[in-house]
Every structure is written in structure tokens, then in C-alpha cells.
């Protein structure tokens, strides 16, 4: 047989195999839909109580499925049967095809780009999965299942929504006409057991010396801003910083979707509210920051400053609310200051730039810059002190930095954390509060 004939044979066999797989897949989908419809009719499944009776429901589904397998006279292997039953359970109790990824602890983010594309992030890397939704209506159903219990809605008149799953995972959904290729869903997962500082050190995000330095800064009521790009780990770091706040202090947290998991007892958690169907009743981060000042807080933690609330946050830091924490999007500490200036102007106040910079310089003590590197790892690349003003310029001084050398033979970023050799000027302020840095830190 010639090479050409062999190639033609291989190609035709491959096409037959693909056709067989498609037929098998369609057959499985038809059987699965029949079983699911029969279960809903015969068992009268209450979706709200389905989780509570998981074992009983699973056994009933298994029995009904076996009846259907026999009546349809289609031979399935044990593995195929278990797969079908598992997928039906995921539809009834979970969130369809993405349920296994929500359980998988290695998956940190799930991205649905229409019904036929599901990506996940594992170890900082994006991976396309083989899972798919049946159609756009199937994706809509899962989105509704997530947002309905929270009193949110999503449709053509309100095509975007931020929400959270019961375990605290952050959810963003956007649907047509804004999303052209069909409904899109992004889920940022958070660990059921929140990470502590030891976890971050073990991940290589920072060193023990840096961790001890940050801990004393938070205990000493310095105002700290965590800066970084999307997915760099800002919220996780903010959660760890929050854990250093003494348990005898009153903490008020302000977020778009409540994600922080604080271990302290005296915590008041506030969450924004979107406008209703008439476009009224919206409560913004800025409204909540202003309201929190009347709640006698020892600490104010804002999940993220994005616009005009930056001005209210800076004023709170400058008027006796020391030890406040927040995050912001920026690629470097200097960029973060520029963004803060822009956000203050978004508050609608016609302030001169120098006055804004003076507010920033006197309010912020420390900027922690977090970065997601090329290999997917997350590092605190700068711990930077805001020293004050010199003329019209805010003076920054790096205390710790991550120096990247390149990539090793496994594609991992190699580098080292270094103390810059310059001690921060706020050490005397910490000493006056009865806090001293252990000698090994510097």
C-alpha cells in the first residue's frame, strides 16, 4: 500500500471514529435528558431542598436511570452509566457542567464564553476544558440559578450582574446584547479555608521577614493599600492583612460582593446594592464609606477603590481612622498614586492636583504591590513606603523588592526577595505604639 493510500485510509477511519463519537455523545445526551425529565416529574424534585437530601436523591436517580437504560435497550458500560448519573446530579443539585470545577481545589477561576467554551485557571495557567453546555438557554439557566437566590436578576434590560456563590466565590455574568457570542460567566473561586500568612510564604508570594514586617505595620495602625493587576491575588492578600487586626477592635468591611473572610468577632460587613428595575435604590461603595464613618469603626476595610470613593477613603484615613486597608488596580506603586489622583477627580470635586497629592501622601503609609508573573505565580514585588511630599511630587521609598533573574529550565520564574537597605521612616511611630521590628527583618 502506497503512502497516499495509507493516509487516505487513516483519514477515513478517523472520520468514522469522530462520527461514531458524535453519535454516542448525542445518544448519551438524549438519554440523559429523558432521565432528567422523568426524575423531575416522578420525584417532584425541590431544587432548594435537593442538597439536603443528596444521598436519597442520588439513590432514586440511580434506580430510575437503571430502568431507563433497560427500557431504551442501549448498552452502556458501568463507567458511562456513572458519568450520566453524575451529570444529572450536577444539573439538579449543582451548576451543570462547571460543577466538577467548583469542587476542584486546584481550579481558581472558571470562564464560560458562551455554551461551547469553558476555560479554567489551574496554577495560574488558562486551560480549555472538554466540558460544554447544551445551548445558550442552558447557560442562562445556570446564571439564573446563581443570581436568583441573591435577589438579583439578569435579562436584556439588566444584562450585567456581580454576585457570589454560597461559598463566597465571586461571580460576574454578562449576557446578550452586550455579550455577542452568547452569555458569559466568570467565577473567581476562593478557598473554603481562607489562606493565612504561612500559606502565602509557602507559595513563595513573600518571605517570613516581609510577612513579619507587614504584620507589625497592620498592628501599628498604618494605612495600607494593596495594588496589583487583575488576578494578582489582591483580595487574598487583603484578607491575610485583615487577620493581623487585633480581636478587640471594631472592623467595618465595605465591598461590592462580600468576599472577605475575617476571623475576628467584632466585624460589620457592608455590601453595595444595584439599582432596581426602575433604576432607583442603588447604594454605592462611596455611600457605604461615608456611612461607615458614623458607625464608630476602629478599622475600615474597602474591598477595592475604583472611583470617587477614593476621596472619602483618603479623608477617613486623614481624620483619625488609622489602620484602614484597601486595594486598587495598578501595575506599580507609582502608577497606583496616579490612579488615586484620577479616582479622586472622579468624585466631582474640582481640587488642584497638589492638594490631592497632599491628601494621598498624608493618608497612605504603605503600598504593597502584587504581581502575577509569566509562570502564573503571584509575588509581592514591592513593599513601598509613602514618605511625603517634596515640592509637587510624592516621595516613594522601596523597602522590600522582588528581583527577577529570568526563567529556569522548567519555565518557572527565578529570582529573590531583597531588603533595599533603607529602613522606613515610620519605625519611630511604631515604637511609640509599643511595637518594635525584630532585628532579623532588616
Checklist line | Unmet requirement for residue 222, which otherwise passes all of (1) part of a loop (DSSP other than H, G, I, E, B); (2) surrounded by fewer than 21 Cβ atoms within 10 Å (Cβ to Cβ); (3) touching a residue at least 60 places away in the same chain (Cβ under 8 Å) | finding: (2)
Check: Taking helices (runs of 4 or more DSSP H) that fall entirely within the range 280-392, which contain at least 1 residues that are under 28 Å from residue 425 (Cα atoms)?
Finding: 309-318, 333-345, 353-363
Margin query: Being without any contact (Cβ under 8 Å) to a residue 24 or more places away in the chain, surrounded by 12 or more Cβ atoms within 10 Å (Cβ to Cβ), under 16 Å from residue 399 (Cβ atoms) and touching a strand residue (DSSP E or B) at 6+ places or on another chain (Cβ under 8 Å) is the filter here; which residues of the range 414-431 pass it?
Written below: 418, 420
Next item on the list: Of all residues in the range 101-120, count the ones that are buried (at least 16 other Cβ atoms within 10 Å of the Cβ) and farther than 30 Å from residue 413 by Cβ.
Entry: 2
Check: Taking the condition at pLDDT 95 or above and surrounded by fewer than 22 Cβ atoms within 10 Å (Cβ to Cβ), does residue 397 pass?
Finding: yes
Next item on the list: Can you give me the number of residues within the range 393-435 that are assigned to a strand (DSSP E or B) and in contact with a helix residue (DSSP H, G or I) (Cβ under 9 Å, 6 or more places away or on another chain)?
Entry: 9
Note to self: Based on this model, can you work out whether residue 269 counts as in contact with a strand residue (DSSP E or B) (Cβ under 9 Å, 6 or more places away or on another chain), surrounded by fewer than 19 Cβ atoms within 10 Å (Cβ to Cβ) and either outside any loop (DSSP other than H, G, I, E, B) or in the same structural domain as residue 321 (by TED's automatic domain parsing) (or both)?
What the structure shows: yes
Item checked: Which numbered condition residue 231 fails, given (1) modelled with pLDDT under 90; (2) at positive phi; (3) out of contact with any strand residue (DSSP E or B) (no Cβ under 6 Å at 6 or more places or on another chain) -> (3)
Checklist line | Options 434, 391; residue that is closer than 16 Å to residue 222 by Cα and loosely packed, with under 13 Cβ neighbours inside 10 Å | finding: 434
Next item on the list: Find the residue count for the range 91-135, including only residues that are on the phi > 0 side of the Ramachandran plot and at pLDDT below 90.
Entry: 3
Notebook entry, point to check: So is residue 340 crowded, with 23+ Cβ neighbours inside 10 Å, closer than 27 Å to residue 394 by Cβ, out of contact with any strand residue (DSSP E or B) (no Cβ under 6 Å at 6 or more places or on another chain) and assigned by TED's automatic domain parsing to the domain that holds residue 361 or not?
Noted result: yes
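The values are calculated or read from the model by the stated rules, or taken from the named source; none is laboratory data. What you see is a predicted model; the values in this text were computed from it and never measured. Cβ coordinates were reconstructed from backbone atoms using ideal geometry, including for glycine residues, and neighbour counts include every protein chain displayed.
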